[in-house]
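Read through the structure below, which is laid out as structure tokens, and then see the notes.
The values are calculated or read from the model by the stated rules, or taken from the named source; none is laboratory data. Just so it is clear, the structure is predicted and the values come from calculations on it, not from any experiment. No Cβ is skipped: glycine too gets one built from the backbone with ideal geometry, and neighbour counts run over all protein chains shown. All accessible areas refer to the heavy atoms of the entire protein, side chains included, with ligands and DNA or RNA removed. Shrake-Rupley method; radii C 1.70, N 1.55, O 1.52, S 1.80 Å.
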Amino acid sequence: MILAIAALFVFQLLGEVVVQTLGLPLPGPLAGMLLLFVALMIRGRVPVDLERTANGLLQHLMLLFIPAVTGVMLYFDRVAEEWKAFVLTSILATVITITVTGLTLKWLVRHEDEDSNE
């Protein structure tokens, strides 16, 4: 488990280095996760320890949002001034997410049916 967490941190560090070196307009952790994805695609499978560690982190994902929520509360006055934009953006993002998820599921089911018919 410790090696899996270390691997996640190493890929995050690599992402930060790549972003800073190339001046990419991406967050370093996102670049790191993309690098991890490429490494796992090349490897062809996810190591068992990494899978267990990732699942454990995902089960407690809400705990990772506590610092972000605390940061937002520091700017509560600004949020109160611009609440309409926050509400509209939240609704729009939810609609887009549900639509894209539904279309993706529809596409996957259709392709699965085509594969089973062959």
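Computing FRET efficiency as 1/(1 + (r/R0)^6) for residue 57 and residue 114, where r is the C-beta to C-beta distance and R0 is 25 Å, gives about 0.10.
Normalised by the number of residues in the chain, the mean separation of alpha-carbon contacts (under 8 Å, six or more apart) gives a relative contact order of 18 percent.
Per residue, the accessible area of segment 47-97 comes to 89 Å² when a 1.4 Å probe rolls over the protein heavy atoms. Here the chain is described by how far its Cα atoms reach on the three principal axes: 56, 39, 32 Å, from widest to narrowest. Each residue of segment 38-95 gets 137 Å³ once the volume of the Cα convex hull is shared out per residue. Tell me which of 36, 91, 101 sits at the most positive position along the dipole axis of the chain, charges placed on C-beta atoms (Lys, Arg +1; Asp, Glu -1). Result: 36, furthest along the dipole toward the positive end.
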